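The values are calculated or read from the model by the stated rules, or taken from the named source; none is laboratory data. Everything numeric in this text was worked out from a predicted model, so none of it was measured. We place every Cβ from the backbone using ideal geometry, glycine too, and count neighbours over all the protein chains shown. These area figures cover heavy atoms from the full protein model, side chains too; ligands, DNA and RNA do not enter into them. Shrake-Rupley method; radii C 1.70, N 1.55, O 1.52, S 1.80 Å.
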Amino acid sequence: RQKGLGSTNIMKIDSSAQVIFEHGVYDLDIGNYDSALIFIDAAISVNPNKSYYYYARGECYFSKNDFGESIKAYSLAIGLSVNYPEAYYNRGMANLQLGKATDAIADFTRTIQYNPQFYLAQKGIGDAYFVLNDYKKCVMSLEACLEMSSLGEARSPKTILEIYNTIGKAYYRIKNYPKALENYRKFLAFHPNEIPSSFNYEIGNIYMNIGKYDSAHTYLMRSYQSDPSNGYVLYSMASCIYLRGNIEESLKWFERSFKTNALQRSFVDHRSE
């Protein structure tokens, strides 16, 4: 190129770069990321004008959990092709992995500008707002994702499951317990088995806050059985037992919770209000 070769020779150069690149893609597909990077970098050195070469480079680094390098590669891909929703999305995911939730939201938003039905980007916005503790915007974003036709067409129960779980957690944190329970029930409909301890703990506290102490006790007991040394679970069990009217038994649970030294005074004061 620099010597002013004709178009025929340029095409041969580009073809050789593509052959090298395809070797890299093969290694990327089978998980040989270091080998894939060698081929992809070689292809870039031969033809540095292909945006998807840099995108594949970003994929390699993302798979290696080197999110900083993956962001650089995705940015180079975007520099060559501004209308590249997949590169924006993956750069957003890399930013989210690095805790840069605001940057992630910007990338996911740009993704949707170029592809309004990119439901994973809409989900990413909600997840990023959750990281930022902006639970109202989190809920709005995720509920918008559930309305997207592309999500229904994708038939991805795992994605829907994650959305209901995050919405439930967001409502739980803003103390909208009826809405939290509604979404957790939808989560349970998709995922009835292998419920994590934290999930039972939150449902137990929801039932306790809406005055359904027997249901609260059932879920908190499940949480306790999964994590018997958790001071927060023990404290909630004590509170539930107290509210059910068994004061003497609740004192034993309170004592056990305090012995774990897990509880901060601010937590106890807050829970006592």
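Below is a table of values for the structure above.
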| read-out | value |
| --- | --- |
| Qualifying positions in the range 166-208 - farther than 18 Å from S236 by Cα, at pLDDT below 90 and in contact with a helix residue (DSSP H, G or I) (Cβ under 6 Å, 6 or more places away or on another chain) | Y184, K186, F187, F190, H191 |
| Selection status of G124, small (G, A, S), open to solvent by 50 Å² or more (accessible area, probe 1.4 Å) and assigned to a helix (DSSP H, G or I) | no |
| The range 198-235, subset charged (D, E, K, R) and not in a helix (DSSP H, G or I), residue least open to solvent (accessible area, probe 1.4 Å) | D227 |
| Cross-chain or 6+ apart pairs with Cβ under 6 Å, the range 115-130 first and closer than 14 Å to Y164 by Cα, then open to solvent by less than 20 Å² (accessible area, probe 1.4 Å) and among the polar types (S, T, N, Q) | G126/S141 |
| Residue count for the range 94-111, restricted to those that are among the aliphatic types (A, V, I, L, M) and either outside any helix (DSSP H, G or I) or touching a Phe, Trp or Tyr at 6+ places or on another chain (Cβ under 6 Å) (or both) | 2 |
| Qualifying position, being out of contact with any Phe, Trp or Tyr (no Cβ under 6 Å at 6 or more places or on another chain) and not aromatic (F, W, Y), among L132, L76 | L132 |
| Flag if F187 is in a helix (DSSP H, G or I) and either within 30 Å of K259 (Cα to Cα) or more than 18 Å from the chain's Cα centre (by Cα) (or both) | no |
| Selected residue (only one of L96, L76, L37 is open to solvent by 80 Å² or more (accessible area, probe 1.4 Å), touching a helix residue (DSSP H, G or I) at 6+ places or on another chain (Cβ under 7 Å) and among the aliphatic types (A, V, I, L, M)) | L76 |
| Positions within the range 132-161 being open to solvent by 60 Å² or more (accessible area, probe 1.4 Å) and either of a type in the set (S, T, Y) or closer than 22 Å to A106 by Cβ (or both), in sequence order | L132, N133, K136, K137, M140, E143, S149 |
| Residue check for P85: without any contact (Cβ under 8 Å) to a residue 24 or more places away in the chain and within 28 Å of L161 (Cα to Cα) | no |
